[in-house]
């Protein structure tokens, strides 16, 4: 194998792809190096060990799949409904492709059932996403209780539709926009 110069992000993406296809037991330096076509030396340049990689994976997921999306939506100058539509577009886009596609979130949730660290991060992500959605529905004119319920319904729709999309049983983006329109009307 050659000693390619890979970034930590490339290792993290490859680790998420391994997680998406084979579960948390597939997050191993040697197996990921083999998939990337490199030696393990690059891995140890970026990570102390596999536990360090897993920690950085979860931190990266929180940042890229929550914080960055919120920042993007906050830059939308339109109405609250337009911000929610943008959020649906981003959440159902192809941003997860380098990480294993639409199945990566389901794989992380499954990992969280068996790993305290992953489970705590899933709860942190879910809490932040639900709080943000609640704020958006409040900005759209819903009272606090309705805003929270709408946030929960929209978010649960996303989680469920992602699972159906993995099996090619749903058009994730179209169904999410339909659900959002029903909630807003």
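Readers should treat all values here as calculations from the given coordinates under stated rules, not as data from a laboratory. Because the structure is predicted, anything quoted here is derived from the model rather than measured. Cβ placement follows ideal geometry from the backbone for every residue including glycine, while neighbour counts extend to all protein chains displayed.
Data for the structure
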{"item": "Exposure proxy ranking, count of Cβ atoms within 10 Å, fewest first, for 120, 10", "result": "120, 10"}
{"item": "Spatial separation of Cα centroids for region 109-170 and region 65-104, in angstrom", "result": "13"}
{"item": "Contour minus Cα-Cα distance for residue 67 and residue 34 (0.36 nm per residue)", "result": "8.7 nm"}
{"item": "Between 0 and 90°, nearest 10: helix 80-91 axis offset from the chain longest Cα axis", "result": "30"}
{"item": "Sum of -39500 (n - 2.57) over DSSP H runs of 4+, divided by residues of the chain (222 nm, nearest 500)", "result": "-23000 deg cm²/dmol"}
